[in-house]
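Comments concern the structure below.
Since every read-out is calculated from the coordinates, none of them should be taken as a lab result. Just so you know, these numbers come straight off a predicted model, no measurement behind them. All Cβ positions, even for glycine, are placed from backbone atoms using ideal geometry, and neighbour counts span all protein chains on display.
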Amino acid sequence: MSDPESSIVQFANVGLRYGTDREVLSDISFTLYPGSFYFLTGASGAGKTSMLKLLYLAQRPSRGIISMFGEDVITLPRNCLPGVRRRIGVVFQDFRLVPHLSTFDNVALPLRISGMSEERLQKPVADMLEWVGLDHRSEARPETLSGGEQQRAAIARAVIARPEILVADEPTGNVDPEMAVKLLRLFEALNRLGTTVVVATHDVHLLRKVPDSLIMRLDKGKLSDPTGALRYPPKRDLPKRDLPSRDVPQRELPRK
Amino acid sequence: MSTPSPIRRGAPRFGDSARLLQQARIAGPMPWVIAIMIALTVMAAAAGLALNNIAGSARDEIAGGITVQIVEGAPIERDRQAERAVSYFSNREDVASVRRVPDEELSALLAPWLGDVGAAEDDGVPIPALVDVRLSGPVTAQRLRNMRDELLAQAPAARIDAQASWLGPVFDAVRSLQFLAIGLIALLALTSAAAVWLAARSALGSNRETIEVIHHLGGTDGQIAGIFQRSIAWDAALGGAAGLLLGLAAVFMLGQQFAGLGSGLVAGGGLGPLDWLAIAAIPVIGIVLAVITARLTVIAALRRMI
Ligand SMILES: Nc1ncnc2c1ncn2[C@@H]1O[C@H](COP(=O)(O)OP(=O)(O)OP(=O)(O)O)[C@@H](O)[C@H]1O
Ligand SMILES: [Mg+2]
C-alpha cells in the first residue's frame with residue numbers, strides 16, 4: 001500500500017457478507033487519493049452499492065480494515081462517526097430527499113446539522129440552488145419536482161457542505177443522456193475544486209466522458225482495476241490548493 | 001489530518017427542528033392520551049392526599065380520646081352518674097380534659113336521626129349522657145380496663161370506649177384506599193410511559209427515512225433524539241395542561257360535594273398548599289417522563305444503525 005499520508009481512503013482486505021450468506025465483497029484492497037475522480041463499475045449485483053455503503057459508513061465490513069482521513073473508521077467510537085460523515089457527501093440512488101421539506105430546506109439540511117446559523121446559510125444555499133439551476137424551485141416540495149430536478153437537488157445537498165469525498169450511487173441512472181452529461185460536469189467542477197469523487201455506474205459510456213477519471217471494476221465481489229489506477233498514485237497533477245474545508249465556499253462556484 | 005472528535009451534545013441543534021418530523025402534532029392522539037393519564041393521576045393523587053389528611057387530623061383528634069356513655073333511662077339517676085363520672089376523671093392525674101357533652105348539643109347531634117329528641121324526652125325516648133375525656137398519652141387496652149373497673153363501681157350505667165378503637169376499622173379502610181391511590185398512580189405512570197413509548201416508536205417508524213438521511217448526513221444521535229424529545233415535550237405539555245385542568249375540575253367538584261356533607265371527618269380532608277404543589281408537579285413529572293421515554297426509545301433504535 002502506498003503512502004497513507006497522501007491517501008484519503010484505504011481499504012485493506014475488506015470483506016462483506018450480509019447475515020450468514022456468502023461474501024458479496026471479498027478481498028477488496030485499494031487506495032483513493034485526494035482530488036481524484038473515480039468510477040466504480042460492474043454488473044448489476046456485483047456489489048457496487050455495498051461498497052459505497054462501506055464508503056459512506058452505512059455498513060460495517062465483516063472483515064478487513066477501512067481507514068478514511070487517516071483514521072481507522074472501524075474501531076472509531078460511535079460518537080466520532082458523525083464527524084467523519086460530515087466530511088462525506090452522498091448522492092443516494094433514490095435521492096432520499098426529505099418529502100415534507102422544500103428544496104431549499106433539503107439542500108440546507110447538512111448545514112443545519114453542522115450547526116450553521118440560519119442567516120449564514122441563506123446565501124450559500126441560494127447560490128448552490130442557482131448553480132444547479134433550481135433557484136426558481138426553492139420552495140417546491142420534492143414530489144412536485146421532475147426526476148432530473150430531484151437529482152440535482154440531491155446533488156446540491158450532497159455538495160453544499162463542501163465534503164472532502166463525494167460518493168454518488170448511479171447518479172445518472174434515471175435521467176436522459178443529455179442530463180447525465182450535465183450532471184457529470186457538476187461533479188467534474190467539484191472535483192476541480194479538490195473534492196475526491198467516487199461515482200458508481202453501470203453505464204460504460206459515461207466513463208469516457210471524464211478524461212482524467214480512474215476506473216475500478218467490481219466483478220462478483222472482486223475488485224479489478226483495468227487502468228492500474230489503484231496500484232499507482234494518479235499521474236495527473238493534483239490540485240495544488242488545500243482540501244476544501246467544511247465551511248461555506250469562499251470561492252466562486254462555476255456556473256452550470 | 002486532524003483526529004475526528006466526538007460531536008458533543010449541546011452543540012448543534014436544528015433551527016426549526018420540528019419541521020423535520022412529518023407527524024402533525026395536535027392531530028395525533030398523543031396529547032389526548034397524555035391528558036387522560038394526567039387527569040386520572042391528578043384525581044388519584046388528590047384522593048390519596050385528602051385521605052392522608054383525613055387520617056392525620058382524625059388521628060390527632062382522637063388520640064387519647066375516651067367516650068363515656070351513661071345509658072340510664074331515669075334522667076335524674078343518669079345526671080347523677082354522669083356527674084360522678086366527670087368527677088372521677090377530673091381527679092385523675094393522667095387526664096387532660098373532661099367535658100360533659102351538654103344535652104342540647106347531644107340532641108342537636110341526634111336530631112337528623114331521631115327527630116327533635118329534646119321534645120321527645122318526656123315521651124320516654126332515652127338518650128344517654130355523654131362524657132368526653134381526653135387522656136394525656138395514648139389509650140392502651142390496660143389503662144382502659146383499669147378505668148372501666150373503677151368507674152363501674154361508681155357509675156354502673158357507664159359504658160367506656162376508646163375513640164380510636166371504634167374508629168380502627170375506618171383507619172384501616174382509609175389506609176387501604178391510600179394504597180389503592182398509590183397503586184393507581186404507579187399504574188398510570190407505567191401506562192403513560194408505555195403510551196409515550198408506542199408513540200415515539202410509531203413516530204420513529206413514520207419518519208424512518210428522514211432519520212436515516214439525517215444520520216447519513218452526519219446528524220448525531222443526540223440531535224435526532226432531540227427532534228423527537230422536543231416534539232413529544234410539546235405534546236406532553238399540551239396534554240399535561242389539559243389533563244391538569246380536567247383533573248382539577250373533577251377534584252373541585254368532588255370537594256364541593258364532600259363539603260356539602262358537612263361531616264367533621266371529611267372536613268379534615270382539605271388539601272393544603274403543599275398538596276396543591278404536589279398535584280401541580282404531576283404534569284411536570286409527566287413531561288419529564290415522556291421526554292426521557294422518547295429519548296431512550298429513539299437512542300435505542302439509532303444504536304441499531306452504525
Ligand atoms: N441488505 C442486504 N441484505 C442481503 N443481501 C444484500 C443486501 N444488499 C445487497 N445484497 C446482495 O449483495 C449483492 C450485491 O448487491 P449490491 O446492491 O451491492 O449490487 P450493485 O452492484 O449495486 O447492483 P446494481 O447495479 O443492481 O445496483 C447482491 O447479490 C444483493 O442481493
Ligand atoms: Mg446498486
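Geometric descriptor of region A:1-97, per residue, is 126 Å³ (volume of the convex hull of the Cα atoms). 3J(HN,Hα) along region A:66-81: 10, 10, 9, 6, x, 10, 6, 6, 7, 9, 5, x, 4, 6, 8, 5 Hz, from the Karplus curve 6.51 cos²θ - 1.76 cosθ + 1.60 with θ = phi - 60°, whole Hz, x for Gly and Pro.
When the GluC sites (Glu not before Pro) in region A:63-157 are filtered for DSSP coil states and for at most 14 other beta-carbon atoms within 10 Å of their beta-carbon, the remaining sites are A:Glu139. Each peptide in A:62-68, B:252-258 gets a packing score, the mean of other Cβ atoms within 10 Å over its residues, and the list from highest to lowest is A:62-68, B:252-258. For region B:190-204, putting each phi into the Karplus relation 6.51 cos²θ - 1.76 cosθ + 1.60 with θ = phi - 60° gives couplings of 4, 5, 4, 4, 5, 5, 5, 4, 4, 5, 5, 5, 6, 5, 4 Hz, in residue order, rounded to whole numbers and with x for Gly and Pro. Of the two radii for region B:128-220, the radius of gyration is 1.59 times the Kirkwood radius, both from the alpha carbons; that is the Rg over Rh value. For the residue pairs A:Lys48/A:Lys222; A:Lys123/A:Lys209; A:Lys182/A:Lys220; A:Lys53/A:Lys220; A:Lys182/A:Lys209, the alpha carbons lie more than 20 Å apart in A:Lys123/A:Lys209; A:Lys182/A:Lys220.
Among the residues of B:207-213, the average count of other protein chain beta-carbon atoms within 10 Å of the residue beta-carbon is 4. Taken over region B:64-137, the ratio of Cα radius of gyration to 2.2 N^0.38 Å equals 1.18. Counting Cβ atoms of other protein chains within 10 Å of each residue's Cβ and taking the mean over peptide A:41-53 gives 0.
Shielding by partners for A:112-122, please: the mean number of other protein chain Cβ atoms within 10 Å of each residue's Cβ. Mean shielding by partner chains, rounded to a whole number: 4. Helix A:147-159 and the longest principal axis of the Cα set of chain A meet at an angle near 70°. Taking all C-alpha pairs of chain A, those more than 31 Å from each other amount to 21 percent.
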